[in-house]
Amino acid sequence: MYIGIVMKINNRIKKLIGTIIIPIWLIFFIGIVAVLAEILLPNLNGFMVFLFYLIAGLIWVVPVLPIISWMQREN
C-alpha cells in the first residue's frame, strides 16, 4: 500500500518551475563547456573543434527533455 501525500501541482506552477530551471541549467552547462573548451580546444584540429561544439550544442537537450515533458503533462 502506498503511503504518502501526492501533491498535484498546478500546470501554471509547473511551467514556472521549468522556466526557472531550464535557464539555470543552460548557464551551468555553458560554463562547463567553456571550461572544457579552454582546456581541450587549443590542442585539437579544426574538425575536432567542430565535433566538440556539435556535441556540446546537442547534448544540453538531454536533461531538458524530461523537464519539458513534465511541464506539459496534465495533472
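Using Cα pairs under 8 angstrom and six or more residues apart, how large is the relative contact order of the chain, in percent?
The normalised contact order for the chain reaches 67 percent.
Treating the angle as unsigned and between 0 and 90°, give the value, to the nearest 10°, between the Cα long axis of helix 61-72 and the longest Cα principal axis of the chain.
20
Once the other residues with Cβ under 13 Å from the Cβ of S69 are scored (Lys, Arg +1; Asp, Glu -1), what is the net sum?
Once positives and negatives cancel, what remains is +2.
Summarise the long-distance tail of P(r) for segment 11-72 by giving the % of C-alpha pairs beyond 18 Å.
So the portion of pairs separated by more than 18 Å is 45 percent.
Suppose each label sits 7 Å from its Cα in the direction of the beta carbon; what would the V61-N11 distance come out to in nanometres?
So the two model labels end up 2.4 nm from each other.
Computed from the coordinates by the stated procedures, all read-outs in this text should not be read as laboratory data. Everything numeric here is computed off the predicted structure, so don't read it as measured data. As a convention, Cβ positions derive from the backbone with ideal geometry for all residues, glycine included, and neighbour counts pool all protein chains shown.
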